[in-house]
Amino acid sequence: MGFLADVYLWVKALHVMAVMSWMAGLFYLPRLFVYHAEKVQVGEPTDVLFQTMEMKLLRLIMNPSMIVTWVAGLALVMTPGVVDWSMVWPWAKAGAVLAMTWFHMWLAGRRREFAAGENVLTGRRYRLMNEVPTVLMVVIVLAVIVKF
C-alpha cells in the first residue's frame, strides 16, 4: 500500500479529471435526449445524427470516464489513512456514486431505445432527469469537502 501513498496526488488528479469528463457527459446526454425527443422524428436524417452523437458521447467519453473515475476512486479509498469509514461522509459519497452509476446506465438504456426508434419519454421527463446528476454532485462535493 506504500505505492498508493506515493502516487496519491497523481491518482487524485486523475480521479478529478475523470469525474469532470464523466459529469460533462451526464449533463449533456439528457439534454441531447430533450432535443431528440422534441424536435426529431424517427427515421429522419436528424434522427441518425442525434443517434450518432449520443452513441459517441456515451461510448467514447462517458464510459471511459466512468471507468477511470471508479478505478482511481477505488485506489484512493485503498490508500492508507484517506478514508475513515466510521464517519458519515464516505458512505454518503459511496451512495451518491452508486446512484450516479445507476443514472449512467439508465441513460445508456434510453440511448438504446432511441436507436431502436422506441423512445416513449418526453422532453419534459428528460429535463427533469437532467437534474439528477446535479443533486448527486452536490452530495458528493459536500461529503468530500465538508466531511459531514
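Among the residues making up the range 123-148, those that are surrounded by 13 or more Cβ atoms within 10 Å (Cβ to Cβ) and part of a loop (DSSP other than H, G, I, E, B) are 130, 147.
Filtering the range 8-19 to residues that are farther than 15 Å from residue 69 by Cβ and either in contact (Cβ under 8 Å) with a residue 12 or more places away in the chain or touching a strand residue (DSSP E or B) at 6+ places or on another chain (Cβ under 6 Å) (or both) leaves only 8.
Could you list all residues from the range 99-122 that are part of a helix (DSSP H, G or I) and over 10 Å from the mean Cα position of the chain (by Cα)? Listed by number, the residues that qualify are 106, 108, 109, 110, 111, 112, 113, 114, 115.
Taking every residue in the range 34-61 that is acidic (Asp, Glu) and pairing it with any residue that is outside any helix (DSSP H, G or I) and surrounded by 14 or more Cβ atoms within 10 Å (Cβ to Cβ), at least 6 positions away or on another chain, the pairs with Cβ-Cβ distances below 9 Å are 47/40. As a summary of the residue check, residue 96 satisfies the conditions (1) within 16 Å of residue 29 (Cβ to Cβ); (2) part of a helix (DSSP H, G or I); (3) of a type in the set (A, V, I, L, M) except for the one numbered (1). For the range 46-80, give me each residue that is of a type in the set (S, T, N, Q) and surrounded by fewer than 16 Cβ atoms within 10 Å (Cβ to Cβ). The answer is 46, 52, 63.
Annotation: residue 83 fulfils all but one of (1) of a type outside the set (Asp, Glu); (2) buried (at least 18 other Cβ atoms within 10 Å of the Cβ); (3) modelled with pLDDT under 95; the unmet one is (2). Residue 30 falls short on exactly one of the conditions (1) touching a Lys or Arg at 6+ places or on another chain (Cβ under 9 Å); (2) under 21 Å from residue 146 (Cα atoms), and that condition is (2). Being assigned to a helix (DSSP H, G or I), surrounded by 18 or more Cβ atoms within 10 Å (Cβ to Cβ), touching a residue at least 40 places away in the same chain (Cβ under 8 Å) and in contact with a Leu (Cβ under 6 Å, 6 or more places away or on another chain) is a property that residue 29 has.
Number of residues in the range 97-122 that are farther than 26 Å from residue 44 by Cα and either surrounded by 12 or more Cβ atoms within 10 Å (Cβ to Cβ) or in contact (Cβ under 8 Å) with a residue 60 or more places away in the chain (or both) equals 7.
The values are calculated or read from the model by the stated rules, or taken from the named source; none is laboratory data. Computed from a prediction, not measured in an experiment: that's the story for all the values here. As a convention, Cβ positions derive from the backbone with ideal geometry for all residues, glycine included, and neighbour counts pool all protein chains shown.
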